[in-house]
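Asker: Handing you a structure now.
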């Protein structure tokens with residue numbers, strides 16, 4: 001009898017450990033699928049166009065212009081999203097990457113917001129946040145210009161949106177579903 005109780009206790013401990021691991025994996029899988037407890041993200045506009053700049057005695061320059069509009073709705077709690085975009089290591093609101101068949105670089109990247117009544121901007125230090133109250137929607141316009149090579153194909157994608165539930169929080173929450181732009185051939 002004592003041996004059965006000990007075996008059951010060990011089995012329960014093992015199952016609890018496995019449950020914690022599975023819950024963590026489920027949370028990550030849900031985030032990657034766009035399931036989030038605090039916000040809903042919807043892409044409403046996706047445009048891209050190519051511009052070729054002819055140079056005398058030099059190779060032509062190729063620039064792709066991309067525009068994404070996102071509607072972000074706070075569910076049951078106020079959400080703060082930094083009005084910044086970057087591909088680097090610093091914490092910003094929108095983290096992007098460029099995918100393409102040739103070398104490329106960013107010419108410009110910027111993000112603007114506007115929203116329903118109640119959506120405001122809050123500044124903390126040098127960071128400006130869009131404050132989205134519960135059940136309200138803010139529209140974010142993201143414009144990116146990519147310099148690339150003629151004849152190559154490029155796109156950019158937002159692979160993470162950082163947000164806070166309070167401006168004073170030390171850590172960011174993350175929306176992890178990728179939001180791609182159209183693929184554009186520079187020709």
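Asker: Take residue 57 and decide whether it is under 21 Å from residue 162 (Cα atoms) and more than 19 Å from the chain's Cα centre (by Cα). Working first, answer last.
Answerer: On the way: under 21 Å from residue 162 (Cα atoms): no; more than 19 Å from the chain's Cα centre (by Cα): yes.
No.
Asker: With the condition kept exactly as written, say whether any residue in region 168-184 is assigned to a strand (DSSP E or B), over 15 Å from the mean Cα position of the chain (by Cα) and without any contact (Cβ under 8 Å) to a residue 60 or more places away in the chain.
Answerer: As a first pass, look at region 168-184 and keep what is assigned to a strand (DSSP E or B): 173-175, 179-180, 184.
Now drop any that are not over 15 Å from the mean Cα position of the chain (by Cα), which leaves 184.
This time we only want the ones that are without any contact (Cβ under 8 Å) to a residue 60 or more places away in the chain, so: none.
The answer is no; no qualifying residue exists.
Asker: Inspect region 7-23 for any residue being within 29 Å of residue 80 (Cβ to Cβ), surrounded by fewer than 11 Cβ atoms within 10 Å (Cβ to Cβ), modelled with pLDDT under 90 and outside the structural domain of residue 172 (by TED's automatic domain parsing) and give the result as yes or no.
Answerer: First pass over region 7-23, keeping only residues within 29 Å of residue 80 (Cβ to Cβ): 23.
Those left that are additionally surrounded by fewer than 11 Cβ atoms within 10 Å (Cβ to Cβ): 23.
Next cut, modelled with pLDDT under 90 only: 23.
So of that shortlist, the ones also outside the structural domain of residue 172 (by TED's automatic domain parsing) come out as 23.
Looking for residues that are within 29 Å of residue 80 (Cβ to Cβ), surrounded by fewer than 11 Cβ atoms within 10 Å (Cβ to Cβ), modelled with pLDDT under 90 and outside the structural domain of residue 172 (by TED's automatic domain parsing), one finds at least one in region 7-23, hence yes.
Asker: It is to be established whether one or more residues within region 84-100 are more than 30 Å from residue 152 (Cα to Cα), at pLDDT 85 or above and not in a strand (DSSP E or B).
Answerer: If we filter region 84-100 for residues that are more than 30 Å from residue 152 (Cα to Cα), which is where we start, we get 91.
With the extra rule that they be at pLDDT 85 or above, the set shrinks to none.
No, because not a single residue in region 84-100 is more than 30 Å from residue 152 (Cα to Cα), at pLDDT 85 or above and not in a strand (DSSP E or B).
Asker: Also: Could you please find all residues in region 88-128 being touching a residue at least 40 places away in the same chain (Cβ under 8 Å) and within 18 Å of residue 163 (Cβ to Cβ)? Steps first, answer last, please.
Answerer: So in region 88-128, the residues touching a residue at least 40 places away in the same chain (Cβ under 8 Å) come out as 91-107, 122, 124, 127-128.
Correct list: 91, 92, 93, 94, 95, 96, 122, 124, 127, 128.
Asker: Could you identify the single residue in 124, 165 that is at pLDDT below 90 and assigned by TED's automatic domain parsing to the domain that holds residue 94? Reasoning before the result, please.
Answerer: Details: 165 fails: at pLDDT below 90.
Result: 124 is the single residue among 124, 165 that is at pLDDT below 90 and assigned by TED's automatic domain parsing to the domain that holds residue 94.
Asker: Please go through region 35-58 and pick out each residue that is surrounded by fewer than 15 Cβ atoms within 10 Å (Cβ to Cβ), touching a residue at least 24 places away in the same chain (Cβ under 8 Å) and part of a loop (DSSP other than H, G, I, E, B).
Answerer: Quick first cut of region 35-58, residues surrounded by fewer than 15 Cβ atoms within 10 Å (Cβ to Cβ) only: 35, 37, 40, 42-47, 49, 51-58.
Now narrow it down to the ones that are touching a residue at least 24 places away in the same chain (Cβ under 8 Å): 37, 40, 42-47, 49, 52.
If the condition is that a residue be surrounded by fewer than 15 Cβ atoms within 10 Å (Cβ to Cβ), touching a residue at least 24 places away in the same chain (Cβ under 8 Å) and part of a loop (DSSP other than H, G, I, E, B), then 37 is the only one that fits.
Asker: Which condition from (1) within 19 Å of the chain's Cα centre (by Cα); (2) surrounded by fewer than 12 Cβ atoms within 10 Å (Cβ to Cβ); (3) not in a strand (DSSP E or B) is the one that residue 117 breaks?
Answerer: Condition (1) is where residue 117 drops out.
Asker: Quick check on my filter: what residues within region 129-147 are more than 28 Å from residue 182 (Cβ to Cβ) and touching a residue at least 60 places away in the same chain (Cβ under 8 Å)? Walk me through it before giving the result.
Answerer: In the first step, residues of region 129-147 are kept if they are more than 28 Å from residue 182 (Cβ to Cβ); the result is 129, 131, 133-136.
If the condition is that a residue be more than 28 Å from residue 182 (Cβ to Cβ) and touching a residue at least 60 places away in the same chain (Cβ under 8 Å), then 134, 135, 136 are the ones that fit.
Asker: Residues that are under 11 Å from the mean Cα position of the chain (by Cα), in a loop (DSSP other than H, G, I, E, B) and more than 23 Å from residue 50 (Cα to Cα): does region 142-160 have at least one?
Answerer: Checking region 142-160: not a single residue is under 11 Å from the mean Cα position of the chain (by Cα), in a loop (DSSP other than H, G, I, E, B) and more than 23 Å from residue 50 (Cα to Cα).
Asker: Quick one: is residue 74 within 20 Å of the chain's Cα centre (by Cα) and modelled with pLDDT under 90? Give the steps one after another, and end with the answer.
Answerer: On the way: within 20 Å of the chain's Cα centre (by Cα): yes; modelled with pLDDT under 90: no.
No.
Asker: Residues in region 88-114 that are surrounded by fewer than 15 Cβ atoms within 10 Å (Cβ to Cβ), farther than 18 Å from residue 186 by Cα and touching a strand residue (DSSP E or B) at 6+ places or on another chain (Cβ under 7 Å): how many?
Answerer: Step one: of region 88-114, the residues surrounded by fewer than 15 Cβ atoms within 10 Å (Cβ to Cβ) are 88-91, 97, 99, 101-103, 105, 107-108, 110, 112, 114.
Restricting the remaining residues to those that are farther than 18 Å from residue 186 by Cα gives 88-91, 110, 112, 114.
Checking the rest, the ones that are also touching a strand residue (DSSP E or B) at 6+ places or on another chain (Cβ under 7 Å) come to 91, 110, 112, 114.
Qualifying residue count for the region: 4.
The values are calculated or read from the model by the stated rules, or taken from the named source; none is laboratory data. Source: prediction; values computed, not measured. Note that we place each Cβ from the backbone using ideal geometry, even for glycine, and neighbour counts take in every protein chain shown.
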